[in-house]
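Peer 1: Attaching a single structure in structure tokens format; questions to follow.
The values are calculated or read from the model by the stated rules, or taken from the named source; none is laboratory data. Values in this document were obtained by computation on a predicted structure and should not be read as measured data. Positions of Cβ are generated from backbone atoms using ideal geometry, with glycine treated the same way; all protein chains shown enter the neighbour counts. Heads up: the accessible areas ignore ligands, DNA and RNA and are worked out on the full protein's heavy atoms, side chains in. Shrake-Rupley method; radii C 1.70, N 1.55, O 1.52, S 1.80 Å.
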Amino acid sequence: QVQLVESGGGLVQAGGSLRLSCVVSGRTISNALMGWFRHASGKERDFVAAITRNGDRTYYADSVKGRFSISRDNDKNAVYLQMNSVKPEDTAVYYCGVYGGISVYSERSYGSWGQGNQVTVSS
């Protein structure tokens, strides 16, 4: 059974930083593109960032470009999201997912999800 566990969220002031981690068990992620999405209250779950299997290419939503950075450690079976210069509009539950094909920007392309991790940015 594949399990993804996110951690590292919490309360942070605007302009601050957080680092989210996603550790996967039950399968290797070395052959999978991985992504981060977020779900803010009253909105749909939106794409945040994705990274290819060997980390040679990354994808970002326009709203986080230049502030967030996705990385991975295949030896640890983990993916990370470094969040810098956070804004109140970054407040959401953040999820990591295992890509299954079609579009890296679509949540329907991801077949496994973690339970989510709350990030709250105060102004």
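Peer 1: Just checking, does region 77-93 include any residue being touching a Gly at 6+ places or on another chain (Cβ under 9 Å), open to solvent by 40 Å² or more (accessible area, probe 1.4 Å), part of a strand (DSSP E or B) and at pLDDT 95 or above?
Peer 2: no
Peer 1: Also, quick follow-up: Restricting the search to region 27-69, which residues are more than 17 Å from VAL93 (Cβ to Cβ) and assigned to a strand (DSSP E or B)?
Peer 2: Filtering region 27-69 down to residues more than 17 Å from VAL93 (Cβ to Cβ) leaves 27-34, 50-60, 62, 65-67, 69.
Within region 27-69, MET34, ALA50, ILE51, THR58, TYR59, TYR60, SER69 meet the criteria.
Peer 1: Given the residues SER41, SER71, SER85, which is the only one that is of a type in the set (S, T, N, Q), in contact with a strand residue (DSSP E or B) (Cβ under 7 Å, 6 or more places away or on another chain) and within 23 Å of ALA14 (Cα to Cα)?
Peer 2: That would be SER71, the only listed residue that is of a type in the set (S, T, N, Q), in contact with a strand residue (DSSP E or B) (Cβ under 7 Å, 6 or more places away or on another chain) and within 23 Å of ALA14 (Cα to Cα).
Peer 1: Evaluate the following for ASP46: is it of a type in the set (Asp, Glu) and farther than 15 Å from VAL119 by Cβ?
Peer 2: Values: of a type in the set (Asp, Glu): yes; farther than 15 Å from VAL119 by Cβ: no.
It is false that ASP46 is of a type in the set (Asp, Glu) and farther than 15 Å from VAL119 by Cβ.
Peer 1: Quick one: in region 48-75, which of the residues that are surrounded by 22 or more Cβ atoms within 10 Å (Cβ to Cβ) and in contact (Cβ under 8 Å) with a residue 40 or more places away in the chain is nearest to GLY97 (Cα to Cα)?
Peer 2: Among them, the one singled out is ALA50.
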